[in-house]
Structure formats: structure tokens, C-alpha cells
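Working notes, beginning with the structure itself.
The values are calculated or read from the model by the stated rules, or taken from the named source; none is laboratory data. Small disclaimer: the values here were computed from a predicted structure and weren't measured. Note: ideal-geometry Cβ built from the backbone for every residue, glycine included; neighbour counts use all protein chains shown. Accessible surface areas use protein heavy atoms only, side chains included; no ligands, DNA or RNA. Shrake-Rupley method; radii C 1.70, N 1.55, O 1.52, S 1.80 Å.
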Amino acid sequence: MKLTFAFCTYNRARRLDRLVRAMRAQASPIPFEILAVNNNSTDDTPAVLDRLAAEPGAPLRVVTETQPGIVPARNRAIEETLGSDILVFIDDDELPKPGLLAAVVGAICDEGAECVGGKVQVDFSEHPRPPWLEDDLLGFLAEVDHGSEAIWINDTNTPIWTANIAYATELFRSDPLLRFDPRYNRVGADVGGGEDGIMFRTLLDRGARIRYRPDMKVLHAVDDWKLRRSYFLKLHYRAGVRCGRYQLPTYARTLFDVPPFLLSQLVRQFSRAIGMQLMQRPGSLRQAMNATNALGCLVGYRRRKQTQS
């Protein structure tokens, strides 16, 4: 048995020492390597990774993916680890807590999971949490907490993300088409993406055995630009565009190349958002996010129709 502990990185050289140190400190019941996928970083990332690769501990293998974006980087990680039995993803702005790899191996090797995810705790030690950031918004910063008990995941109500996830690589060996969807790519410091959500839904639809383990935990540092209201609005607009373009069915009846219900939904959501903002009611930001998502759905659907014309 062999495990690959992988991260994709872009211009975060200053975080890599601490990240690789924490990864090497993991106790694993089976041998593991660390894989770094450098996605065209323009800072000191290559030099830092070369230095870390020469240091003692779990071997660090470095590859460069020249096609920009998180999807090519993740898919490169899959191709590089088809010889391993388990692929574990962590992001380059995170730190694994002790016991993470042991939880992964226990879930996949002992409990028969094909995919396993764990807790993601947002770390505000670098940038203070703004007072308007309510608990129900933390999930949009990748926080995951489905309780203190291990559970089997059977629907989308308990999602797990690539911020802290592992796959039995047999999933990818047995199906060369099972990869992260390039339509949901995110390049550089852009927001959104959603490639991991699509992979999660795909595995659910296939009936894969998906496990949540609370003892599989990471701390997720958040950049200061993500702690602004504009980030949440932009995130939901981009998600709406992707939904309208790739996920909504094709409707026969349209007005200005969009189905009428999207127009009425847009008016309703924005009217509600404006009213809540004027009244300074709690949840006004969440409602504004719904409104920008509705706008994105409309824009995405219209782009699809125009492309098909």
C-alpha cells in the first residue's frame, strides 16, 4: 500500500515551509510521499520546493503543470498518483492537524470508503474575522463540520471539498474519464470554480462509498481579500453563471434568450435584497448573494443560448 499526500500551489512560496513540515509530521499506517504540483508560480515557489525536496522526512516530489488553473493542476495530481493506492488533497493555504492520514487510511482501508473528507476549520489568526461574517457564511470559505461522529454521505446535504479530501485511486484508474471538469476551472486569484463540488456530485450519482471522518482535520487560512462582502457576492455570481451555462436544462420558451422564470426570479431576489438592506435586517448579505446568483444564472443561460445560435 502507498499513499500520496498532494497539494497544488500557485504563488504561495511563503507558506510552503510550514505546510510541508506539517505534512511530514503526519503519522501514517502506510508509507506516503508528498506531491507538489506547481501551477506556473512566478514567485520563489520553484526554489523553495527544490530546497524542501532535499530535506529529510517523507519524500517530496515536485512536478510543474504549465496549463493554468486548479483543474489542470488537480488532474495532473491524479495522473501522477495512479500508481498509489490513496490520493489525499490538501490546499496550499492549509495545515493538516495530527491524525489526518491515520483517519484517511482507516476510512479507506478498514471501512471500505472510496472517498473520504473531514473537517475544515477557518483560521482567523492572520486576519481577524469581520463582525458581519455570520456562522452560516463560513461554508463559503470552505469550512466543513458535519459533527463529531463518522458518517456515510449519501446526499448533497453533507458536502466535502478538496480542501480536505482523499480518494481511493482505483476510482481514477478504472475510469480514465473520471477527472475534474475543465468547465469549472479557476485560474490564479480568480474566485469560484466549483470543480470539487461537481466531482462530489458525480461520485454520489455513481453510488461511490463516501465517508466523513471528524478526526481528519485541517486549518484553513483565509486571505484578507476573501473577508470582504464583495468576495461573497462575486463568488455567488460566478456560481450562477456556471449553473446557467452548464447545469440548467434547455427550455423551449424563452424571452431575450432566457426562460421567463429566470427573469421573475431575478426581480424577486433583488427586490428582497434591496428591501432587507434598506431595513438593515439580519441576513441581508445572504439575500444579496442569492440575488447575484440569480443574475449569474440568467447571464450564464443567455451565453449558452448565444453560443448555440
Inset, instruction - Quick one: count up the residues across the stretch 164-197 that are over 22 Å from Gln121 (Cα atoms), open to solvent by less than 50 Å² (accessible area, probe 1.4 Å) and at pLDDT 95 or above. - result: 9
Inset, instruction - Among the residues of the stretch 50-85, write down those that are in a helix (DSSP H, G or I) and open to solvent by 70 Å² or more (accessible area, probe 1.4 Å). - result: Asp50, Arg51, Glu79
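Which one is least open to solvent (accessible area, probe 1.4 Å) among residues in the stretch 115-163 that are among the hydroxyl-bearing types (Ser, Thr, Tyr) and touching a helix residue (DSSP H, G or I) at 6+ places or on another chain (Cβ under 9 Å)?
Selected residue: Thr162.
Would you point out the residue of the stretch 162-200, among those that are among the acidic types (Asp, Glu) and outside any loop (DSSP other than H, G, I, E, B), that is farthest from Val88 (Cα to Cα)?
For the stretch 162-200, the residue satisfying everything is Glu195.
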Inset, instruction - Would you be able to say whether some residue in the stretch 274-289 is free of Cβ contacts under 8 Å to residues at least 40 places away in the same chain and in contact with a strand residue (DSSP E or B) (Cβ under 7 Å, 6 or more places away or on another chain)? - result: no
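Going through Met276, Met289 one at a time, which residue ends up being more than 17 Å from Arg186 (Cβ to Cβ), assigned to a helix (DSSP H, G or I), modelled with pLDDT under 95 and open to solvent by less than 80 Å² (accessible area, probe 1.4 Å)? I'd like the intermediate steps shown before the answer.
Working: Met289 fails: modelled with pLDDT under 95.
Being more than 17 Å from Arg186 (Cβ to Cβ), assigned to a helix (DSSP H, G or I), modelled with pLDDT under 95 and open to solvent by less than 80 Å² (accessible area, probe 1.4 Å) holds for just one of Met276, Met289, which is Met276.
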Inset, instruction - Considering every residue within the stretch 229-238, establish whether at least one is of a type outside the set (Phe, Trp, Tyr), over 25 Å from the mean Cα position of the chain (by Cα) and either modelled with pLDDT of 95 or more or open to solvent by 20 Å² or more (accessible area, probe 1.4 Å) (or both). - result: no
Inset, instruction - With respect to Ala47, determine if the residue is open to solvent by 20 Å² or more (accessible area, probe 1.4 Å) and more than 18 Å from Ile90 (Cβ to Cβ). - result: yes
Legend entry - Asp110 vs. criteria in contact (Cβ under 8 Å) with a residue 12 or more places away in the chain, under 30 Å from Arg209 (Cβ atoms), open to solvent by 50 Å² or more (accessible area, probe 1.4 Å) and out of contact with any strand residue (DSSP E or B) (no Cβ under 9 Å at 6 or more places or on another chain): no
Legend entry - Only one of Ile160, Ile151 that is touching a Phe, Trp or Tyr at 6+ places or on another chain (Cβ under 6 Å) and modelled with pLDDT of 95 or more: Ile151
